[in-house]
Structures are given as structure tokens and as C-alpha cells.
Amino acid sequence: MKLTNTKRLERLGERYANGDISRRSFLSLTAAAAAATGLSMPWMGRALAAVSEVRFDGWGGVVQEAIDKYAFQPYTAKSGIKVVQGTFGDEDEIITKIKTSKPGDFQVIHSSGVNYYIKYVNAGFNSEINEANIPNMANVLAAMIDPFRKITPKLSAVPYDYGTTGIAYNTKVITPDEAKEKGANLLTDKKYAGKIGGYADMTTRVWYAALQTKQDPNNIQDMDAVWAKVRETRDLAKKFWSSGAELMDLLSRNEIVVTDAWSGRVAALQQQGQPIGYLDPAGSYAWMEDMLILKGSPMAECEELINFMLDPATSIAVAEGQNYPPSLDPTKVKLTDKIAALPAFDPTGSMKSLTYADPLYWAKNEDAWNKQWDRVSKGA
């Protein structure tokens, strides 16, 4: 028997209430059914013209592969909305592109926490999320959300994962006892000259130089001493790497035996059976990453995507795939043994064992320090 449009609308309502179809599909289908009967509502044009894709830009490599496999592909299968992906090697690169683009050209960014969040806010790129559309935020660690809310009470981003930049070392060359004893000073140990690596960015270089000169990275008193240590590491290093893939390649091929390193990439090497140890010395650089929605984005679709990504099953699968702990509160959500074994994982959910950069302090000094880092990295 042919369904009447009224009955069709009733059944669509039942399917939506039961969770069988997404809100986006529900609006589009009901708008189409209503239009067929000659009805017109203010929201119908928007529903019929609903976006069919969301733009995402991230770090690429194994991190984005995990997000794509465990979050984006299932989301597209469920909602019908395609996630169009781009990658960047340095977040300043994507910020430059956003500055010269139209609002909406870039939408969701896998961003580097509050240090970068303040850049987007100062540039006027931030949106205002309707948190009611992201109910899974209830499971996100308050200790990760609070720093964002201090910058903008109305959030434009939701924390998604975290990690540390600690010390990775070849256990065939350096023992765990030696690594623990020397800590950050392993990066300036002349014994390993020509076999030392490091991340080629100002923040990491200044942070570790501050630790090596026994200073607080969030309250440096002697920048001359810091730059002297940066130069010392530069002169001893074989290479400063610029991507996670390059880091893993240098370590796995034994081209370097010690480097500051991203915890998740080290975990991936360890899972491959590589003889790589990892140490977070006191005060090592901790960071969080977030899913940032830019101004001009299709907010409802982006919120729906992020809510899907924060679903415990999805978030846990992504975390295990990319080797970084999720932003989920372990006191609210049962996490897996694999996640509990990841470097940087905080089982308490307090994040008190991790040292984050003070975004206001670093934002105040960033321009001057970047200029000096540019000179030092070129040999000055």
C-alpha cells in the first residue's frame, strides 16, 4: 500500500527518535516530504540545501589515518556526510592559509591546544559551539576544557587527545638508568654528538633549553642562557626533524640515538619492536590537541561530527590507533589496557602530573623568540 505523506513523516519521526537516522538526514527527508505536499516552513530551504561534506585539516600520518579509519569513515556511513581532508606539517602553515581564504573554506582543524587556540581567537577565526549539540562533551576531562574556557567562555574547540614531548633514546646505546640520570641533558651530551635529534620548532627548543638551564619554561629569567643551550644542541645534532614520520625514520634507522620526541610516535615504534625507550623528565613539555571549529563553518554538521568523534567507542578506537590518550575522563569512561599503557597517560584525570605551556606567557614572547629561533636555526 502506498504511504501517504503524513504517514511517511510520522515514520521518519519514529526513525529519528529511535536513532536510526541522523538529525541531518531527518531534516532533509522531512523537508522533501513536506515540499511534495506543498507545505513550506522557514527551515525547509536550509534543510534541502544541507551541506553534504565537512572540511577537516590535520597532521596527516598515522594520527590522521587512525581518525579517518575509526571516526570519519563510520561517520560518513552513518550520516551520509563526507569528510574532505587536508593535512599540514606545521599549524602556522594552516593559519596562514586561513588568513587568505574565505570564511568556511576551512572548517575543522586538529589543533595544538590552548597555545594555538589563542592565535585563532586573536585573529577572529573562532566560532561559538552550541554545547547542547555535543552531549558527549560530558565525558571530556574538565582539566582539559578549563584552559580553553578561560580564553573564551563560549568555546570554539573541544579537547580530543593529549601527549608529551619527552626524551626518546636507543636502548642498545643508552640505558634507562643513564637516561633517567641525565634527563634533558642527554640532548647536549657530547658523547652522542652527531647522533642527536630534535624537533625543529621554537617552542620545543626553548622549552628544553629552559629545563637544561634549570629554569621554569613558563617563567624564564635568563634567555641568554636558553639561547646558548639551543645553539649547543644545534651544533651537536645530526638533524632537527620536522614531522612525526621523519622522527620515526631517524630513530628506526639508527641515524640518531637520542632526541626529544612525541610520545605517540615513540609508542608506535615500540609496538613495532624497535629498541626505543622513552622518558618524561621533570617538567617535560605536555600538550593537548583539540577539534577546532572555525567561524563560517556549517556549525550543526561540525558539532554532529565532533559529537560522533567523542563517542567513547569511537574515541577509544582512535586513541588506540594513533597512540595518544583520549580526552575522555578515565573516572567516567572505562578505558582499555592499551590506552593505560601509553606514554603520558594520566589515570587520575587531574592532569596534575603534566606541565603545559602557559598560553598567555608564550603568546607574549612568541614573536620575539621566533625571530631569534629563525636566526639561531640558520647558524647565528
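For this structure, a couple of remarks:
- Proximal charge balance of K214 [Cβ under 12 Å; K/R count +1, D/E count -1]: -1
- The simple Förster model, with R0 at 45 Å and r as the Cβ-Cβ distance, assigns E128 and S377 a FRET efficiency of 0.75.
- Restricting attention to the chain, close to 60% of DSSP beta bridges with both partner residues there are antiparallel.
- Given +1 at the Cβ of Lys and Arg, -1 at the Cβ of Asp and Glu and no other charges, the dipole of region 40-171 around its Cα centre is 400 debye to the nearest 20.
- Farthest toward the positive end of the dipole of the chain, out of T348, Q85, A363, is the Cα of Q85, where the dipole comes from beta carbon charges about the Cα centre.
- Karplus-derived HN-Hα couplings along region 317-325 (A = 6.51, B = -1.76, C = 1.60, θ = phi - 60°), whole Hz, x at Gly and Pro: 5, 5, 4, 5, x, 9, 6, 10, x
- Helix axis angle, 223-236 relative to the chain longest principal axis, alpha carbon, degrees: 80
- Loop trypsin sites (Lys or Arg not before Pro), region 171-221 (other Cβ atoms within 10 Å of the site Cβ: 15 or fewer; DSSP): K172, K214
- Residue by residue, region 202-210 carries 3J(HN,Hα) couplings of 4, 4, 5, 5, 5, 4, 6, 5, 5 Hz when phi is fed to the Karplus relation 6.51 cos²θ - 1.76 cosθ + 1.60 (θ = phi - 60°); x denotes Gly or Pro.
- Rounded to the nearest 10 Å², the accessible area of D374 at probe 1.4 Å: 70
- For region 323-370, the carbon plus sulfur part of the accessible surface works out to 52%, probe radius 1.4 Å.
- Degrees, to the nearest 10: 5-17 long Cα axis against longest axis of the chain: 30
- Amide H contacts under 5 Å for T259, placed H, 5+ residues apart: A168, G197
- Among the trypsin sites (Lys or Arg not before Pro) in region 265-336, those located in a DSSP loop and surrounded by at most 11 other Cβ atoms within 10 Å of their own Cβ are K334.
- The phi-based Karplus calculation (6.51 cos²θ - 1.76 cosθ + 1.60; θ = phi - 60°) puts the 3J(HN,Hα) values of region 284-301 at 4, 6, 9, 8, 10, 10, 9, 9, 9, 9, 7, 4, x, 7, x, 4, 4, 5 Hz, whole numbers, x for Gly and Pro.
- Degrees separating the helix 23-36 axis from the principal Cα axis of the chain, which is the longest one: 30
- Each Lys or Arg adds one and each Asp or Glu takes one away; over the other residues whose Cβ falls under 10 Å from the Cβ of W59, this sums to -4.
- Beyond 28 Å, the tail of the calculated P(r) for region 65-207 holds 39 percent of the Cα pairs.
- What the Cα atoms of region 291-380 give is an Rg and a Dmax of 18.3, 51 Å.
- Within the chain, the longest segment free of exposed loop sites, counting GluC sites (Glu not before Pro) that fall outside DSSP classes H, G, I, E and B and have at most 16 other Cβ atoms within 10 Å, spans 1-127.
- Computed as a quarter of the hull surface, the mean projected area of the alpha carbon convex hull for the chain stands at 21.0 nm².
- Note on K371: lysines with a C-alpha under 25 Å away, same-chain residues under 8 apart excluded, are K97, K99, K119, K214, K229, K238, K239.
- Farthest positive-ward along region 197-258 dipole, Cα basis, beta-carbon charges - from N218, N254, A228: N254
- Helical contribution to [θ] at 222 nm, DSSP H n ≥ 4, -39,500 (n - 2.57), averaged over the chain, rounded to 500: -13000 deg cm²/dmol
- Net charge over other residues, Cβ less than 12 angstrom from the Cβ of N323 (K, R count +1; D, E count -1): -1
- Gap separating the Cα centres of region 155-207 and region 244-288, nearest whole Å: 8
- About its Cα centre, the chain has a charge dipole of approximately 640 debye under the convention of +1 per Lys or Arg Cβ and -1 per Asp or Glu Cβ, with nothing else charged.
- Length added when fully stretched, T100-V84, from 0.36 nm per residue minus Cα-Cα: 3.8 nm
The values are calculated or read from the model by the stated rules, or taken from the named source; none is laboratory data. Note that the structure is a prediction, hence the values are computed from the model and not measured. Heads up, the Cβs are rebuilt from the backbone with ideal geometry, glycines too, and the neighbour counts pull from every protein chain shown. Accessible surface is based on the protein model in full, side chains and every heavy atom, while ligands, DNA and RNA are left aside. Shrake-Rupley method; radii C 1.70, N 1.55, O 1.52, S 1.80 Å.
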